[in-house]
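Below is one structure; the comments refer to it alone.
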Amino acid sequence: MEMLPKTLVEAIKYYSDTQTCINAVAALRWPDGKPACPKCHAVEGGRKHYWLDAQKRWKCYSCRKQFSVKVGSIFEDSPLGLDVWMVALWMLVNCKNGVSSYEIERATGICQKSAWFVLQRLRLVLKDVQPVMLGGEGATVQMDECYTGGVPQKMHYKRRIELQRIRNGQKAKGGVNPGKTAVFGMIESETKQVRAMVLPNVKRSTLMGAILDNVGFGSTIHTDMYPGYQAMPSQYIHETVNHMREYVTDTGVHTQSIENFWSLLKRTLQGTYVAVEPFHMDRYLDEQTFRFNNRLGHNDGTRFRKALSQVGGKRLTWNELTGKGSQPAV
């Protein structure tokens, strides 16, 4: 039986061979061992193909088109070898505080701009496209909101003055402060599975919509005393903790678990990535959520293979990433 890599050193050696990379991606994309032609996979003939050894790709019997293991995945149209993608994905899912594009540049030899694009595409892979409802009868879900963004004291003087001017004009509108991104998170106390998302604001209507979409009826919800959580729908049991007096109530109500996730997130954003624009924040949340939800019951190798199994059917182009095209397909 083939021994799969469990450490970064083993992974670099293992995935240094092109054919090994192709076989690994193909085995996870098509577990039945039958690669599907992206042009005619919907018809029966799309499963009939033959291997072109010189080109390292397949050719479909039906449409006569050639396709590689990259086509129809997050790797599509990338000139980089799969060995570079494997190293970048391994570091992204296994470095607790994330990995910057400059680190990928030094580790793989590609330029920083390409490394940034690679990481953004891989973060799309880590998104949970079929999330299940958190909580349910008898389960407890903790939730909290936080703000991420630059520190005004460290900003350029002109930038700081401009943000202050905008902030003064929006102060009475109840929105998020300029330069800050509102993030809402929930964690199920029993399974320790977390879910986080970017919200336009933290008004009650916005928070209630996110709760109804992600938390099953019958759940016990733990929050702080923020007014946005008041008048919770009757389908939930709502318990609060007053952080002005205590962190945990006598009955065990607290939000320490979700605040632990916030501490990991802010350590990653402030220590590794330094500056993240609001329109990219959702992908950084997906990255941190994937690592957090797969920290138990996994080692570096199994966590990497789970991420690699999700590369199919996802695409993110440069125009989409930089706001020059349509929204990325999930």
request  = Give the residues of the range 211-241 that are within 15 Å of Glu145 (Cβ to Cβ), surrounded by fewer than 15 Cβ atoms within 10 Å (Cβ to Cβ) and of a type in the set (S, T, N, Q), sorted by residue number.
outcome  = Gln230
ask   = Hey, among the residues in the range 165-200 that are open to solvent by less than 50 Å² (accessible area, probe 1.4 Å), under 25 Å from Gln256 (Cβ atoms) and not in a strand (DSSP E or B), which one's modelled with the highest pLDDT?
value = Ser189
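Results for (1) touching a residue at least 12 places away in the same chain (Cβ under 8 Å); (2) open to solvent by 60 Å² or more (accessible area, probe 1.4 Å), shown as yes or no for each residue.
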site	(1), (2)
His254	yes, no
Ile258	yes, no
Leu265	yes, no
Arg283	yes, no
Thr289	yes, no
Asn299	yes, yes
Thr302	no, no
Ser309	yes, no
Lys314	yes, no
request  = May I ask you to verify whether Cys60 is open to solvent by less than 20 Å² (accessible area, probe 1.4 Å), on the phi < 0 side of the Ramachandran plot, touching a strand residue (DSSP E or B) at 6+ places or on another chain (Cβ under 8 Å) and without any contact (Cβ under 8 Å) to a residue 24 or more places away in the chain?
outcome  = yes
ask   = Given Phe67, Phe117, which one is buried (at least 17 other Cβ atoms within 10 Å of the Cβ) and in contact with a Ser or Thr (Cβ under 9 Å, 6 or more places away or on another chain)?
value = Phe117
query = Does any residue of the range 84-92 turn out to be at pLDDT 95 or above, assigned to a strand (DSSP E or B) and under 19 Å from Leu265 (Cβ atoms)?
reply = no
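Yes/no matrix, rows are residues, columns are (1) over 28 Å from Pro227 (Cα atoms); (2) at pLDDT below 95:
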residue: Arg267; (1), (2): no, yes
residue: Thr272; (1), (2): yes, yes
residue: Asp282; (1), (2): no, yes
residue: Glu287; (1), (2): yes, no
residue: Gly323; (1), (2): yes, yes
query = Which condition number does Gly109 fail, the rest of (1) closer than 24 Å to Gly301 by Cα; (2) within 23 Å of the chain's Cα centre (by Cα); (3) open to solvent by 10 Å² or more (accessible area, probe 1.4 Å) being met?
reply = (2)
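The values are calculated or read from the model by the stated rules, or taken from the named source; none is laboratory data. Being a predicted model, the structure only gives us computed values, none of them experimental. In this analysis, Cβ positions are derived from the backbone assuming ideal geometry, glycine residues included, and neighbour counts consider all displayed protein chains. Just the protein is used for accessible areas: all its heavy atoms, side chains included, with ligands, DNA and RNA removed. Shrake-Rupley method; radii C 1.70, N 1.55, O 1.52, S 1.80 Å.
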